[in-house]
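In what follows, a single structure is set out as structure tokens and then discussed.
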Amino acid sequence: MYPSSFEYARAATVAEAITMLSSDEDAKVLAGGHSLIPLMKLRLASPSMLVDIGRISDLSYVRKDGDQIAIGALTRHRDLETSELLAREVPVLSRVAGQIGDPSVRHAGTIGGSTAHGDGAADLPAALLALGATMVVQGPSGNRTVPAAEFFKGFLETALAPDEILTEIRVPTGFSKFGFQKFNRRAQDWAIVGVVAVRSDRTNVSFINMGPTPLRASAVEERLAAGASVEEAASVADEGTSPSADINASVDYRRHLARVLVQRALSELG
Amino acid sequence: MRVELTVNGQNKAADVEPRTLLVHLLREDFGMTGTNVGCDTSSCGACTVLLDGESVKSCTVLAAQADGRSVTTIEGLASADGTLHPLQRAFQENHALQCGYCTPGMVMVSMSILAENDTLDEATVREGLEGNLCRCTGYHNIVKAVLAAKEEMGAEL
């Protein structure tokens, strides 16, 4: 399989990439390519132009910035998995990144690519939502920031305009405890349902693959904040979700998994 | 577009369409058919090669993305005189292949596993092979071969 034809342009800087994107409204950004190229091979996406930002060297980093960790958009899953700083400060991201796809996929896929793709079935977007991350976005008129809660808009739809690029993801430190449950049939598969729970002075919980976007488990968070037990909170976990049915699971089965996996993830918090 | 890259230490170049995948560049433009196409959906790992020393699935990498970089394929492991790489020898000695279709990918991802781990245990090897499928289900001997290669090579990689 090969994608339909497109023009290819390689950007040396973010500014150059934005200029290229502005020149063609059907252009798409190429980073590691591990979300976009499969879609293009299946002809589910046929951009007229790919703007390759993969060589912009100053977009790959994990560094501490006050009480936040700043992660460059081109940081690969493998780099997240092996970052000592991240393992210390935001351990949930190391764990989640280390379970994406398989090692060869993690050598190519990037946090910015996965986030900008905005797949409700992907692991990192849900983790960033639970952490209350902030997306740093650059466009023709400069930088703006978008909270994770406002970033994921719909099925494969984000707050990014066609001529904007996600350049950095900022995650708060302080969520030292976490639970991560990814339920799948084979190790490299997407989660049939996944749950990310993180705790600082509060507990945030999010879902993978319980709707068209990553979702906060609001019902669970509210019950926990009101002093409910893990069992009580988990029993309402699927409230407010809208899972779909596919070859792996029915809607009811996903709702059941949500309740079971929330209980397991909360139990991991100790 | 013009792509220029290093394949198994040799400079290579080709004029390709931007949509050309790395695996097709290798197989069709360079005639290096050791790298197989299996699922063509980045699930099976048959097309695994090393890109700047790290395993990737070459069915999901554009030739353009490999421009200016270094690729290692299964053809690049044995010496010019035909002496097998210790990892290839370990595959042979441990009967780590049956039909052989997954083998080039298995060997190349194992190169990455060996390079990334100073010490290896069975669980690490199994996790490292997660993205490579053997439909003969010959995993057990593949794991044994990778461990045997590590034993022989030590920290050489």
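Scanning segment A:43-51 finds no residues that are over 20 Å from the mean Cα position of the chain (by Cα), within 11 Å of chain B (Cβ to nearest Cβ) and assigned to a helix (DSSP H, G or I).
For segment A:124-142, the count of residues that are surrounded by fewer than 24 Cβ atoms within 10 Å (Cβ to Cβ), within 20 Å of residue A:243 (Cβ to Cβ) and under 13 Å from the mean Cα position of the chain (by Cα) is zero.
Being of a type outside the set (Lys, Arg) and closer than 13 Å to residue A:207 by Cβ, is that true of even one residue in segment A:223-232? There is no residue in segment A:223-232 that is of a type outside the set (Lys, Arg) and closer than 13 Å to residue A:207 by Cβ.
If only residues of segment A:1-17 that are under 12 Å from residue A:163 (Cβ atoms) and surrounded by fewer than 21 Cβ atoms within 10 Å (Cβ to Cβ) are counted, the one that is farthest from the other protein chains (Cβ to nearest Cβ) is A:15.
Could you check segment A:73-101 and list, in sequence order, the residues that are in a loop (DSSP other than H, G, I, E, B) and of a type in the set (Ser, Thr, Tyr)?
At the first step, the residues of segment A:73-101 found to be in a loop (DSSP other than H, G, I, E, B) are A:73-75, A:83, A:90, A:98-101.
Those that are in a loop (DSSP other than H, G, I, E, B) and of a type in the set (Ser, Thr, Tyr): A:75, A:83.
All of (1) crowded, with 20+ Cβ neighbours inside 10 Å; (2) more than 9 Å from chain A (Cβ to nearest Cβ); (3) out of contact with any helix residue (DSSP H, G or I) (no Cβ under 9 Å at 6 or more places or on another chain) hold for residue B:82 with one exception: (1). Residue count for segment B:1-19 satisfying the condition of being surrounded by 12 or more Cβ atoms within 10 Å (Cβ to Cβ), in a strand (DSSP E or B) and not charged (D, E, K, R): 6.
Scanning segment A:52-67 for residues that are assigned to a loop (DSSP other than H, G, I, E, B) and within 12 Å of another protein chain (Cβ to nearest Cβ) returns A:53, A:54, A:55.
When we screen A:141, A:83, A:94 for residues that are in contact with a helix residue (DSSP H, G or I) (Cβ under 6 Å, 6 or more places away or on another chain) and hydroxyl-bearing (Ser, Thr, Tyr), the only hit is A:94.
Given the conditions (1) free of Cβ contacts under 8 Å to residues at least 24 places away in the same chain; (2) surrounded by fewer than 19 Cβ atoms within 10 Å (Cβ to Cβ), report the number of the one that residue B:30 does not fulfil. The number of the failed condition is (2). One residue stands out in segment A:22-38 among those that are of a type outside the set (Gly, Ala, Ser) and either within 11 Å of chain B (Cβ to nearest Cβ) or touching a residue at least 40 places away in the same chain (Cβ under 8 Å) (or both): the one that is farthest from residue A:122 (Cα to Cα), namely A:25. Among the residues examined, residue A:109 qualifies as surrounded by 22 or more Cβ atoms within 10 Å (Cβ to Cβ) and either touching a helix residue (DSSP H, G or I) at 6+ places or on another chain (Cβ under 7 Å) or within 14 Å of chain B (Cβ to nearest Cβ) (or both). The residues in segment A:108-137 that are among the small types (Gly, Ala, Ser), more than 20 Å from residue A:188 (Cβ to Cβ) and not in a loop (DSSP other than H, G, I, E, B) can be counted, and the count is 3. The lone criterion from (1) within 17 Å of the chain's Cα centre (by Cα); (2) part of a loop (DSSP other than H, G, I, E, B) left unmet by residue A:70 is number (2).
Within segment B:115-131, being away from chain A (no Cβ under 12 Å) and either closer than 14 Å to residue B:50 by Cα or of a type in the set (Asp, Glu) (or both) holds for B:118, B:121, B:122.
Could we say that residue A:258 is at pLDDT 95 or above and within 22 Å of the chain's Cα centre (by Cα) here?
Details: at pLDDT 95 or above: yes; within 22 Å of the chain's Cα centre (by Cα): yes.
So residue A:258 passes the test.
In the set B:116, B:54, B:93, B:130, only one residue is in the same structural domain as residue B:31 (by TED's automatic domain parsing) and either among the charged types (D, E, K, R) or buried (at least 21 other Cβ atoms within 10 Å of the Cβ) (or both); that residue is B:54.
Could you list, in sequence order, all residues of segment B:62-76 that are over 14 Å from the mean Cα position of the chain (by Cα), buried (at least 24 other Cβ atoms within 10 Å of the Cβ) and either more than 7 Å from every other protein chain (Cβ to nearest Cβ) or closer than 14 Å to residue A:34 by Cα (or both)? Correct list: B:62, B:63, B:65, B:66.
Of A:237, A:233, A:219, all but one fail to be closer than 22 Å to residue A:131 by Cβ and surrounded by fewer than 22 Cβ atoms within 10 Å (Cβ to Cβ); the exception is A:219. Here residue A:95 passes the criteria (1) within 12 Å of chain B (Cβ to nearest Cβ); (2) surrounded by fewer than 22 Cβ atoms within 10 Å (Cβ to Cβ); (3) not hydrophobic (A, V, I, L, M, F, W, C) except the one numbered (1).
The values are calculated or read from the model by the stated rules, or taken from the named source; none is laboratory data. These figures come from a predicted structure and were not determined experimentally. Because the Cβ atoms are built from the backbone with ideal geometry, glycine has one as well, and the counts that use them run over all protein chains shown.
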